[in-house]
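Some notes on the structure that comes next.
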Amino acid sequence: MADIKVDTSVYTGFNQSIQPRSLVWTNSGTGYAFHIIVAQNGIAYKKTTDGGSTWATAGSWPVGGAVEKIGVWYDGWTRGITGSTIHICYVDALNDDIKYFTLNTNGDAFGGSQVVFNGASVSVTENWINHCLTITKTRGGSLYMGGWIDPDGENGFWASSNGSTWTSRANFVAGSVVDSIQFFQGSGEDAND
């Protein structure tokens, strides 16, 4: 199969702005590819329904500011969860926040945006030292998000049972915040680990 170009309007800092999990396959034919819009003023996705042979612009989330990082988690990636929700978090550099919204793959409808962390100053230097973001869903249904918006200590670990209300948890960063991070669901006895 020849290479297929999904999108040519992806932000040039793509390799430093997107977690590796930005491509979601809900079945063997249907996939979603998330990216930051070129001018960094929103998050868009392309969708395929033919296994990746063709990709069509399906929708975008108009942030209205500078997006620096996004993180993505799909319900189907969590063992025992059969939901149809894609969870998206992002760093909103215009408002110095970390925010969260959803995309329901049954009808491709966006859910409302929630502020997870109200920060003071987002670094706009593109690298993993200045900001990073990750999200996961546990087998028990809890959502966990972690990240930082600058290298000066504005970081955190947040939990939610419903995506609407987020609670700050213990700081998960040990030492220097210089590497990218990824959360995965656990497989132990506790379904919320």
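The values are calculated or read from the model by the stated rules, or taken from the named source; none is laboratory data. These figures come from a predicted structure and were not determined experimentally. Heavy atoms of the whole protein, side chains included, go into the accessibility calculation; ligands, DNA and RNA do not. Shrake-Rupley method; radii C 1.70, N 1.55, O 1.52, S 1.80 Å.
Rg and Dmax in Å for the stretch 48-112, alpha carbons only: what are they?
In order Rg, Dmax, the Cα atoms of the stretch 48-112 give 13.6, 39 Å.
Figure the gain on full extension for residue 27 and residue 159 (residue separation times 0.36 nm, minus the Cα-Cα span) and round it to one decimal in nm.
44.7 nm
Using heavy-atom solvent-accessible surface (probe 1.4 Å) with all chains present, what is the largest-first order of 26, 82?
Result of the area sort, largest leading: 82, 26.
Quick one: order 154, 68 from most to least accessible surface, probe 1.4 Å. Please report the intermediate quantities before stating the final value.
Values: 154 30, 68 5 Å².
My answer, sorted largest first, is 154, 68.
Give me the extension gain from residue 58 to residue 121: residue separation times 0.36 nm, minus the current Cα-Cα distance, reported in nm with one decimal.
Stretched fully, the residue 58-residue 121 segment lengthens by 19.5 nm.
Which value, in Å² and to the nearest 10, is the accessible area of residue 110 when all protein chains are kept and the probe is 1.4 Å?
70 Å²
Compute, for residue 94, the solvent-accessible surface of its heavy atoms (probe 1.4 Å) with the complete set of protein chains present, and express it in square angstrom to the nearest 10.
The accessible area comes out at roughly 110 Å².
To the nearest 10 Å², what's residue 122's accessible area with a 1.4 Å probe?
So the heavy atoms of residue 122 present about 20 Å² to solvent.
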